[in-house]
Each structure stands twice: as structure tokens, then as C-alpha cells.
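So the structure is just underneath, and the comments pick up after that.
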Amino acid sequence: GQNIDQPTEMTATEGAIVQINCTYQTSGFNGLFWYQQHAGEAPTFLSYNVLDGLEEKGRFSSFLSRSKGYSYLLLKELQMKDSASYLCAVVYYQAGTALIFGKGTTLSVSS
Amino acid sequence: DSGVTQTPKHLITATGQRVTLRCSPRSGDLSVYWYQQSLDQGLQFLIQYYNGEERAKGNILERFSAQQFPDLHSELNLSSLELGDSALYFCASSEDSTPRDNDFGPGTRLLVL
């Protein structure tokens with residue numbers, strides 16, 4: 001199967017920077033997504049990486065290294081509302097064109 | 001508002017029963033994806049339809065089936081329900097056969113008693 005690993009939980013304080021890592025199996029890789037999900041709500045799109053490098057979008061950035069099977073989501077100037085689950089998801093050729101999700105990282109931001 | 005709609009929002013039923021969940025994709029989107037999210041399993045891909053045809057299949061049980069109609073809305077049928085089927089069921093849609101621009105609906109919360 002396509003294992004996608006990310007830490008289960010992370011904590012940080014308001015105003016800080018946090019990096020959430022994701023590792024995945026490289027065979028058949030066809031793109032990587034990051035989503036934010038608040039409890040009981042639908043995932044919302046944060047970023048999409050298909051080429052190596054850093055994509056910056058406001059307070060959020062996402063990095064991809066295809067050769068290492070590694071991505072991270074960087075959240076800057078943390079706010080309380082950033083407390084949520086962050087999901088790493090990969091598109092694999094073998095899985096057709098659907099997303100395979102990691103189990104998510106629950107981020108708790110405290111004041 | 002993503003434009004993807006799902007009905008019903010909540011559903012409570014009993015073991016052994018059958019239910020149908022409905023999804024309408026964003027206007028212009030041809031693909032519909034179904035996902036199941038339970039506390040212990042996380043978000044699991046079930047099945048994808050593209051322009052009426054099954055495109056990809058994930059961890060979908062034989063008791064579950066889906067279809068996409070000519071107007072592109074989709075239905076997920078869950079039968080012989082078990083307690084473990086209690087979960088959030090999300091539908092997502094995308095413009096073409098890839099999920100690059102996909103967006104999720106609000107989900108249907110299913111509780112099997």
C-alpha cells in the first residue's frame with residue numbers, strides 16, 4: 001500500500017512558526033496536497049505540489065522533495081484559529097486519480 | 001461555499017438497513033469522489049466517477065456501491081449497515097479526471113445504531 005506518515009499531534013504558541021512533516025512512498029507519485037480540517041467539517045484546500053521546491057501562500061508554505069518522498073507544511077504567525085487537523089494527501093498512479101490521505105496531524109495553538 | 005452539496009447532512013439508522021447518500025458536484029465538474037472518515041481510520045478514499053464512468057476504486061466494501069447519473073450527480077448506496085459504518089461521508093468533485101482542483105462537500109454524518 002501507499003503509506004503516508006505524519007506526526008499525530010503538535011503543539012505551538014500564538015505567533016510562532018510550526019513545520020508539519022509528511023513522508024510518503026515515491027513509487028507512482030503524481031502530486032501532493034495539504035488540507036486543513038476543523039473537527040466535524042470538510043477538509044479545505046491549502047496547497048498542491050507536483051514539482052520540487054517551496055510554494056508560498058500568505059502565512060502558509062509547502063515544500064516538496066520528490067526524490068526523498070518528503071513534504072512539509074510551514075505555518076507562520078500562528079493564530080488560535082489555526083488549531084485544526086492538517087492532512088497530507090498524495091495522488092498515486094496506481095490508485096487511479098484519487099487522493100490517499102495520511103491520518104492527519106492535530107495542531108493545538110495556545111496563547 | 002465550495003459549490004459541492006451533499007444530502008442529507010445527518011442520518012440515523014439501524015443495523016441491517018440500507019441508505020443512500022447524494023452528492024451534487026460543482027457546476028462544470030465531471031469527477032466525483034467519495035470518502036469515508038471515521039475516528040480510527042482517518043479519511044479513506046472509496047470510489048471515483050468521471051463523466052458517468054467508474055474511474056478508480058479504493059477501500060470500498062462490497063456492501064457499498066455508487067453511481068454517477070447523466071446530470072453528474074452521484075449517489076453512494078450503503079447496505080446491510082453495521083455499527084462500524086458510522087462515519088462522516090464526504091463527496092468531492094473536480095473539473096477533470098484529476099483531483100488538482102478538487103473541493104469537498106460538507107459531508108453526511110451517518111450514525112448506525
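Might you check whether a residue that is surrounded by 18 or more Cβ atoms within 10 Å (Cβ to Cβ), touching a Cys at 6+ places or on another chain (Cβ under 9 Å), in a loop (DSSP other than H, G, I, E, B) and not charged (D, E, K, R) occurs anywhere in the stretch A:84-102? Looking for residues that are surrounded by 18 or more Cβ atoms within 10 Å (Cβ to Cβ), touching a Cys at 6+ places or on another chain (Cβ under 9 Å), in a loop (DSSP other than H, G, I, E, B) and not charged (D, E, K, R), one finds at least one in the stretch A:84-102, hence yes.
Specify which of the listed residues (A:Leu75, A:Leu87) is modelled with pLDDT of 95 or more and within 14 Å of chain B (Cβ to nearest Cβ).
One residue alone meets the criteria, A:Leu87.
Considering (1) touching a strand residue (DSSP E or B) at 6+ places or on another chain (Cβ under 9 Å); (2) loosely packed, with under 15 Cβ neighbours inside 10 Å; (3) more than 11 Å from every other protein chain (Cβ to nearest Cβ), the lone condition that B:Ser27 does not fulfil carries the number (1).
Regarding A:Lys81, is this residue more than 14 Å from chain B (Cβ to nearest Cβ), surrounded by fewer than 22 Cβ atoms within 10 Å (Cβ to Cβ) and over 18 Å from A:Pro43 (Cα atoms)? So A:Lys81 fails the test. Taking the listed residues A:Tyr93, A:Tyr70, the one that is at pLDDT 95 or above, closer than 23 Å to B:Gln41 by Cα and out of contact with any Asp or Glu (no Cβ under 8 Å at 6 or more places or on another chain) is A:Tyr70, with no other qualifying. Looking across the stretch A:37-51, the residues that are within 11 Å of another protein chain (Cβ to nearest Cβ), surrounded by 16 or more Cβ atoms within 10 Å (Cβ to Cβ) and touching a residue at least 24 places away in the same chain (Cβ under 8 Å) come down to A:Gln37, A:Pro43. For the criterion of being exposed (fewer than 15 other Cβ atoms within 10 Å of the Cβ), part of a strand (DSSP E or B) and at pLDDT 95 or above, A:Leu54 passes. In the condition set (1) modelled with pLDDT under 95; (2) surrounded by 15 or more Cβ atoms within 10 Å (Cβ to Cβ), B:Asp85 is compliant with all but (1).
Here the stretch B:42-65 is the region considered, the condition is being closer than 18 Å to B:Arg109 by Cβ and in contact (Cβ under 8 Å) with a residue 12 or more places away in the chain, and the residue that is nearest to the chain's Cα centre (by Cα) is B:Leu46.
Any idea which residue in the stretch B:88-109 is nearest to the other protein chains (Cβ to nearest Cβ), counting only those that are under 19 Å from B:Ile12 (Cα atoms) and surrounded by fewer than 21 Cβ atoms within 10 Å (Cβ to Cβ)?
Step one: filter the stretch B:88-109 for residues under 19 Å from B:Ile12 (Cα atoms), giving B:88-91, B:106-109.
Filter again for surrounded by fewer than 21 Cβ atoms within 10 Å (Cβ to Cβ), leaving B:88, B:106, B:109.
Working: B:Leu88: 8, B:Pro106: 5, B:Arg109: 8 Å.
Result: B:Pro106.
Here A:Thr26 passes the criteria (1) part of a loop (DSSP other than H, G, I, E, B); (2) in contact with a Ser or Thr (Cβ under 8 Å, 6 or more places away or on another chain); (3) at pLDDT 95 or above except the one numbered (3).
The values are calculated or read from the model by the stated rules, or taken from the named source; none is laboratory data. All values reported here derive from a predicted model rather than from experimental measurement. For neighbour counting, all protein chains shown are included, and Cβ atoms are generated from backbone atoms with ideal geometry for every residue, glycine included.
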